[in-house]
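Before any comments, here is the structure.
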Amino acid sequence: MARVRRGFKARRRRARVFKLAKGYHFDRRTKFRHTVQTVKRALHYSYIGRRLLKRDMRRLWVTRISAASKALGGNYSKFMGALKKNGATINRKMLADVAARDFDGFKAIYESVSK
């Protein structure tokens, strides 16, 4: 009986996986079974990493706002509570950016909120 070559669908499926394995070394790039395992693990870690990045960035923003608040004689929690109470719509990302780049602007926001 003659050997049957796999058709278009299987080749397309394998090619999709091999394309994701670009830059890998040795069997991780050439052998399909190893490549599938490695790509699956890499995709899982990238999924986790996207969530960890959000967490890390929020921690950075809180740290920057806290440091700027302490420099003005207050603390983070009271400042954020006063912001919420006054109905300010500026978010932590923008506050942290203002605190890091334009301290006078942050000082103006801080003083307008904590009267």
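Values quoted throughout were computed directly from the atomic coordinates according to the rules given, and no laboratory measurement underlies them. All values derive from a computational prediction rather than experimental measurement.
Apply the Karplus parameterisation 6.51 cos²θ - 1.76 cosθ + 1.60, with θ equal to phi minus 60°, to every residue of region 97-102 and state each ³J(HN,Hα) to the nearest whole Hz, in sequence, with x for glycine and proline.
5, 5, 5, 7, 9, 9
Tell me, in nm to one decimal, what length is gained between Phe103 and Asn86 on full extension, where the rule is 0.36 nm per residue of separation less the Cα-Cα distance? Don't jump to the answer; show the numbers that get you there.
Values: separation 17, 0.36 × 17 = 6.12 nm, distance 2.08 nm.
Value of the extension gain: 4.0 nm.
Give the total of Lys-Lys pairs in the chain with Cα-Cα distances below 13 Å; include a pair only if its members are 8 or more places apart or on different chains.
9
Given a cut-off of under 8 Å on Cα pairs at least six residues apart, what relative contact order in percent is computed for region 8-113?
Details: 61 pairs, mean separation 20.4, N = 106.
Over region 8-113, the number comes to 19 percent.
Karplus couplings for region 104-115 from phi (6.51 cos²θ - 1.76 cosθ + 1.60, θ = phi - 60°), rounded to Hz, Gly and Pro as x?
Taking θ as phi minus 60°, the curve returns 5, x, 5, 4, 5, 4, 4, 6, 5, 7, 9, 8 Hz for region 104-115.
Please list 3J(HN,Hα) in residue order for region 30-46, calculated via the Karplus relation 6.51 cos²θ - 1.76 cosθ + 1.60 where θ = phi - 60°; whole Hz, with x for glycine and proline.
Coupling constants for region 30-46: 9, 8, 4, 5, 5, 5, 4, 4, 5, 5, 4, 5, 5, 5, 5, 5, 5 Hz.
Would you mind estimating how fast the chain diffuses translationally, via Stokes-Einstein at 10 °C and 1.306 mPa s with the Kirkwood radius over Cα pairs, in µm²/s? Walk me through the numbers before you get to the answer.
Numbers: Rh = 18.4 Å.
Once the numbers are plugged in, D ends up at 86 µm²/s.
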